[in-house]
Amino acid sequence: MNRKQGWISLHRKLKDKGYYKKSAYVHLWIHLLLSVNHKSKEFMWNDNIIMVKKGQLITSRKTLSEQTGIKQSTIERALKMLENEHQIEQRTTTKYRLITIVNWKEYQQADSKADNKRTASGQQADTNNNDNNNNNNNNTYRELRTPSCKVTFKSIDMELAILLKDLILNNNPNHKEPNLDAWANQIRLMRERDNKTQEQIGYVIKWSQNNNFWQSVILSTANLRKHFDKLVAQIRRELKTNQPKEIIGLDKFI
């Protein structure tokens, strides 16, 4: 596919990932970010027309191996790990593999729009979302205005809000779309006022949506904040009785 020259958004939180020291995994993740479709387009695959949307890629394990130099067995393990981390979704057939970057639209488009709004030139945003012109601090996602005040939350707050939204929709596709700005602000309050780390918040979000009881309770970041200490207490109990903390990687909760 003929792509324009440009760059993509890559958050520094990648360095906090447990797989960061596995260079092949990081290589594959960045390769996927660079390779996915930047606008919807039709492809011909074995005489079939397939619509590939933004943030999606039609590929195969063999193709990814040839493009990156990573062994096919490692490719398969890395893709499974990225899927378990809710960074990608996969749909495989006997003919191809469709990979979707989770939240590609929210992350890449939102950053592109914010960047173009802040640039003095006022150039028209590139519809392919490749030519990002961000000259500001990438840690700031956008400003959230309320009737009484103005607060600024960071991109990690929005990312965690989107993570919860996606997991809720995965459990219940009919759930109402939330106000992500308001949700991100609740995450900000958890970090700044409640002294919760982004790692703790992210883990509790994933844990709550895999728990049969809590997934019906934690349906907003406001509820997440309200019940956070109860959730942590239950996680602690389960870690002590079921699995070693070094496997879970949650020593900060013990």
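Here are the numbers for the structure shown:
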| read-out | value |
| --- | --- |
| Ranked packing of 177-186, 158-167, 87-96, most packed first, by mean Cβ within 10 Å | 158-167, 177-186, 87-96 |
| Packing-based order for 69-80, 230-241, using average beta carbon neighbours within 10 Å, highest first | 69-80, 230-241 |
| Estimated distance in nm for a label pair at S40 and S23, the labels positioned 7 Å out from Cα along Cα-to-Cβ | 4.1 |
| Segment 154-231, dipole about Cα centre (Lys/Arg Cβ +1, Asp/Glu Cβ -1), debye to the nearest 20 | 180 |
| Distant-in-sequence amide H partners of I218 (H built 1.01 Å from N, under 5 Å) | none |
| 5 angstrom amide H check on K154, placed H, neighbours 5+ away | Y141 |
| Euclidean distance of C-alpha centroids, segment 6-45 and segment 204-222, integer Å | 28 |
| √(5λ) per eigenvalue of the Cα gyration tensor, segment 21-71, largest first, Å | 24, 14, 6 |
| Distant alpha-carbon pairs in segment 180-226 (separation over 17 angstrom), percent | 28 |
| Neighbour-limited loop hits for chymotrypsin sites (Phe, Trp or Tyr not before Pro), segment 14-66 (at most 14 other Cβ within 10 Å; DSSP other than H, G, I, E, B) | Y20 |
| Amide H contacts under 5 Å for I88, placed H, 5+ residues apart | E83, V102 |
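Values quoted throughout were computed directly from the atomic coordinates according to the rules given, and no laboratory measurement underlies them. Treat the numbers as computed from the prediction; the structure is a model and nothing was measured. Please note: Cβ atoms are built from the backbone with ideal geometry, for glycine as well, and neighbour counts cover all protein chains shown.
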